[in-house]
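Engineer: Could you have a look at this structure, given as structure tokens, before my questions?
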Amino acid sequence: MSADYAELSRRLADLTALEEVVGILSWDQEIVMPSGAAQARGRQLSTVQVVAHERLTDPRLAALLAGLQQDATLDATQTANVREARRDVQKATCVPSDLVRALGETAVRGHEVWVQARKNKNFSAFAPVLAELVDLAKQRAAAIAPDQPAYDVLLDDYEPGMTMARLDPVFARLKEVLLPLIARVRAAERGPDLAWLTQHVPAETQRQVGERIVRAMGYDFTRGRLDTSVHPFCGGAGPTDVRITTRYNEDAFLGSLTGMIHETGHALYEQGRDLSLADQPVSRPRSMGIHESQSLLWEKQVAHGEPFWRAHYPKLQESYGFLRNKPLAEFLLGVNDVNPNNFIRVAADELTYPLHVILRYEIERELLSGRLDVRDLPAAWNERMRGYLGITPPDDAVGVLQDVHWSGGAFGYFPCYTLGALYAAQFYQAAVMQHPEIPEKLALGEVEPLLGWLRTHVHQIGSRLETDALVTAATGRPLDPEPFLRYATAKFTRLYRL
């Protein structure tokens, strides 16, 4: 290792440590911080972020990267590390420190305002700070790439290389297939009574059941923990400190269970990263779409399928007495129930979920382009809900205020959820093609063949490969909506006897 590359690694490790500090402060804000500490936490977070920004924009770091970019002695991993670090530096150099500070402080304040506005079902209370966040996001996008649409710049933060021009035909194809399929499901004769889905289950019982299943999936509690939050998430500070959260509805027990499985998919990705490079950019998860592919692969491809529940359903029946006389086939109908009348994205089924995401994507595009004013958001939201799902939210809490993302200024994030569903179908199908024993192993409660494949083809790869190259290496082709559409069409045609 050259002296320059060694110095680069040290500087990048320090930046990773600062990112991890932000991760812990943010987790603490969500889970245990007293509400009265919000102002101080905003100052703390913004200070750490400004320090990180100053180190990232240090001219010495840029000089190191410029020199190493021409260094033919670097191996493939080192070259990828330089590439990823240069991308970070180039973006950060464009954004002034005062804007970084303003974004940090406003995001913390925005979160606290959102929590109360959601509790009170009052969008107007959140609108002023949301308008500030939109304006700051536009400023940041203009600073980074003034000749590009703001939304493309922000989308690139979460899904490097993705653009609206590439997303639009993918989402159009999803609507083309899913809207008529949902209509057919809606018109189909309903199966057995699924009233048991709303059976009362105490939160503590749900926690015990969920913890048992996430352990069986391979989640390492010596490097993680499970907590309760307003909005489920996976956070922490790197692959040795990966924390997941869920929320409990005592009259809808499946939500917390599938939520825990979802967040465990994220956590398995983080815990599976290359520990020898954990403090370097090349070890990071490739993109949020790839991250979502891991959570959705476990939640949907695995935990909504029969093999997984052949292993876990008997124990679930023991814990939830009302399931003891329910055959597995009926339970699977409940797990996969298509409910177009559901207002909540995180509780949506596989068919309607992409429409929840497309709705948000279209609104975000209009917000960032200036075609939609913040004050008109509830009306725009409700109009699209009626158009895509035929329903109108009864209040802001289950409508425009339901997601945490905008309160932290995370514009451009939502498309990653549906990109994740598409990648998940590609990954799972590729894994089963290479290891046909995976379904039967899952039926025995053995996750290793599948988890091992993901460790090799996704988790350990990190950001060594760019997204299209990673997906192509694992599945034989880049992003393609057709595997998901074939899977969803076949599955729901069978379940609903269409």
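Engineer: Show me the strands (runs of 3 or more DSSP E) entirely contained within the stretch 176-276 in which 3 or more residues are more than 16 Å from the chain's Cα centre (by Cα). First the steps, then the outcome.
Structural biologist: Numbers: elements: 224-228, 234-236, 242-246.
Filter on the stretch 176-276 gives 224-228.
Engineer: Right, next: Within the stretch 239-285, work out how many residues are aliphatic (A, V, I, L, M) and closer than 19 Å to Tyr219 by Cα. Can you show your working first?
Structural biologist: Here is the first cut: in the stretch 239-285, the residues aliphatic (A, V, I, L, M) are 242, 244, 252, 254, 257, 260-261, 267-268, 275, 277-278, 282.
Add one more test, that the residue is closer than 19 Å to Tyr219 by Cα, and what stays is 242, 244, 257, 260-261, 267-268, 275, 278.
The number of residues fulfilling the criteria is 9.
A quick yes/no check of all residues on (1) more than 28 Å from the chain's Cα centre (by Cα); (2) β-branched (Val, Ile, Thr):
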{"residue": "Leu8", "(1), (2)": "yes, no"}
{"residue": "Asp14", "(1), (2)": "no, no"}
{"residue": "Ala72", "(1), (2)": "yes, no"}
{"residue": "Asp75", "(1), (2)": "yes, no"}
{"residue": "Thr79", "(1), (2)": "no, yes"}
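Engineer: Quick check on Leu74: is it crowded, with 16+ Cβ neighbours inside 10 Å, outside the structural domain of Thr245 (by TED's automatic domain parsing) and in a loop (DSSP other than H, G, I, E, B)?
Structural biologist: Values: crowded, with 16+ Cβ neighbours inside 10 Å: yes; outside the structural domain of Thr245 (by TED's automatic domain parsing): yes; in a loop (DSSP other than H, G, I, E, B): yes.
So Leu74 fits the description; yes.
Engineer: Output the qualifying pairs, or none if there are none: Cβ atoms under 6 angstrom, residues six or more apart or on different chains, first residue in the stretch 165-190 and over 17 Å from Arg494 (Cβ atoms), second residue among the hydrophobic types (A, V, I, L, M, F, W, C) and surrounded by 14 or more Cβ atoms within 10 Å (Cβ to Cβ).
Structural biologist: Cβ pairs passing all conditions: Phe171/Ile358.
Engineer: Test Ala117 against the stated conditions and say whether it is under 21 Å from Leu368 (Cα atoms), in a helix (DSSP H, G or I) and in contact (Cβ under 8 Å) with a residue 12 or more places away in the chain.
Structural biologist: On the way: under 21 Å from Leu368 (Cα atoms): no; in a helix (DSSP H, G or I): yes; in contact (Cβ under 8 Å) with a residue 12 or more places away in the chain: yes.
It is false that Ala117 is under 21 Å from Leu368 (Cα atoms), in a helix (DSSP H, G or I) and in contact (Cβ under 8 Å) with a residue 12 or more places away in the chain.
Engineer: I've got another one for you. Residue by residue through the stretch 348-390, note down the ones that are in a loop (DSSP other than H, G, I, E, B), in contact (Cβ under 8 Å) with a residue 12 or more places away in the chain and out of contact with any Pro (no Cβ under 7 Å at 6 or more places or on another chain). Walk me through it before giving the result.
Structural biologist: First pass over the stretch 348-390, keeping only residues in a loop (DSSP other than H, G, I, E, B): 348-352, 370-373, 390.
Applying the additional criterion that residues be in contact (Cβ under 8 Å) with a residue 12 or more places away in the chain yields 349-352, 390.
Once the filter is applied, which keeps residues that are in a loop (DSSP other than H, G, I, E, B), in contact (Cβ under 8 Å) with a residue 12 or more places away in the chain and out of contact with any Pro (no Cβ under 7 Å at 6 or more places or on another chain), the stretch 348-390 yields Asp349, Glu350, Leu351.
Engineer: While we're on this one: The conditions are (1) touching a His at 6+ places or on another chain (Cβ under 9 Å); (2) among the charged types (D, E, K, R); (3) surrounded by fewer than 22 Cβ atoms within 10 Å (Cβ to Cβ), and Arg215 fails exactly one of them. Which is it?
Structural biologist: (1)
Engineer: Can you name every residue in the stretch 444-491 that is crowded, with 19+ Cβ neighbours inside 10 Å, more than 19 Å from the chain's Cα centre (by Cα) and within 14 Å of Asp274 (Cβ to Cβ)?
Structural biologist: Hit for the stretch 444-491 is Arg464, nothing else.
Engineer: Oh, and also: Quick one: which residue in Glu263, Glu250 is in the same structural domain as Gln317 (by TED's automatic domain parsing), farther than 14 Å from Ser295 by Cα and among the acidic types (Asp, Glu)? Don't jump to the end; show me each part of the working.
Structural biologist: Working: Glu263 fails: farther than 14 Å from Ser295 by Cα.
That would be Glu250, the only listed residue that is in the same structural domain as Gln317 (by TED's automatic domain parsing), farther than 14 Å from Ser295 by Cα and among the acidic types (Asp, Glu).
Engineer: How many residues are among the charged types (D, E, K, R) and modelled with pLDDT of 95 or more if we restrict to the stretch 87-118?
Structural biologist: The qualifying residues number 1.
Engineer: Shifting gears a bit: Looking only at the stretch 397-408, count how many residues are at pLDDT below 95 and within 17 Å of Ala141 (Cα to Cα).
Structural biologist: Residues that pass the stated criteria total 1.
Engineer: Would you call Pro436 in a loop (DSSP other than H, G, I, E, B) and either at pLDDT 95 or above or touching a His at 6+ places or on another chain (Cβ under 9 Å) (or both)?
Structural biologist: Values: in a loop (DSSP other than H, G, I, E, B): yes; either at pLDDT 95 or above or touching a His at 6+ places or on another chain (Cβ under 9 Å) (or both): yes.
Judged against the criteria, Pro436 is a match.
Engineer: State whether the residues of the stretch 334-347 include one that is closer than 30 Å to Asp468 by Cα, touching a Ser or Thr at 6+ places or on another chain (Cβ under 7 Å), assigned to a helix (DSSP H, G or I) and of a type in the set (A, V, I, L, M, F, W, C).
Structural biologist: No - not one qualifying residue is present in the stretch 334-347.
Engineer: Now, a different point. Just wondering, is there one or more residues in the stretch 413-421 that are surrounded by fewer than 23 Cβ atoms within 10 Å (Cβ to Cβ) and farther than 25 Å from Ser369 by Cα?
Structural biologist: Scanning the stretch 413-421, I find no residue that is surrounded by fewer than 23 Cβ atoms within 10 Å (Cβ to Cβ) and farther than 25 Å from Ser369 by Cα, so the answer is no.
Engineer: Name the one entry in Ala40, Ala13 that is assigned to a helix (DSSP H, G or I), free of Cβ contacts under 8 Å to residues at least 40 places away in the same chain and hydrophobic (A, V, I, L, M, F, W, C).
Structural biologist: Working: Ala13 fails: free of Cβ contacts under 8 Å to residues at least 40 places away in the same chain.
The match here is Ala40.
Engineer: Next question. Please tell me if Arg101 is of a type outside the set (Val, Ile, Thr), buried (at least 16 other Cβ atoms within 10 Å of the Cβ) and within 21 Å of Leu8 (Cβ to Cβ). Give the derivation first.
Structural biologist: On the way: of a type outside the set (Val, Ile, Thr): yes; buried (at least 16 other Cβ atoms within 10 Å of the Cβ): yes; within 21 Å of Leu8 (Cβ to Cβ): no.
Judged against the criteria, Arg101 is not a match.
Engineer: Do we find a residue being in a helix (DSSP H, G or I), surrounded by fewer than 20 Cβ atoms within 10 Å (Cβ to Cβ), of a type in the set (Ser, Thr, Tyr) and assigned by TED's automatic domain parsing to the domain that holds Thr418 anywhere in the stretch 282-295? I'd like the intermediate steps shown before the answer.
Structural biologist: Of the stretch 282-295, the ones in a helix (DSSP H, G or I) are 282-283, 288-295.
Subsequent filtering for residues that are surrounded by fewer than 20 Cβ atoms within 10 Å (Cβ to Cβ) retains none.
No, the conditions are met nowhere in the stretch 282-295.
Engineer: Next question. Can you tell me which residue in the stretch 178-189 is modelled with the lowest pLDDT, limited to those that are surrounded by 10 or more Cβ atoms within 10 Å (Cβ to Cβ) and not small (Gly, Ala, Ser)? Break it down into steps so the answer makes sense when it comes.
Structural biologist: So the first thing to find is which residues in the stretch 178-189 are surrounded by 10 or more Cβ atoms within 10 Å (Cβ to Cβ), and the list is 178-186, 188.
Then drop every residue that is not not small (Gly, Ala, Ser), which leaves 178-182, 184-186.
Details: Leu178: 96, Leu179: 95, Pro180: 95, Leu181: 95, Ile182: 94, Arg184: 94, Val185: 92, Arg186: 89.
This residue is Arg186.
The values are calculated or read from the model by the stated rules, or taken from the named source; none is laboratory data. Just so it is clear, the structure is predicted and the values come from calculations on it, not from any experiment. We place every Cβ from the backbone using ideal geometry, glycine too, and count neighbours over all the protein chains shown.
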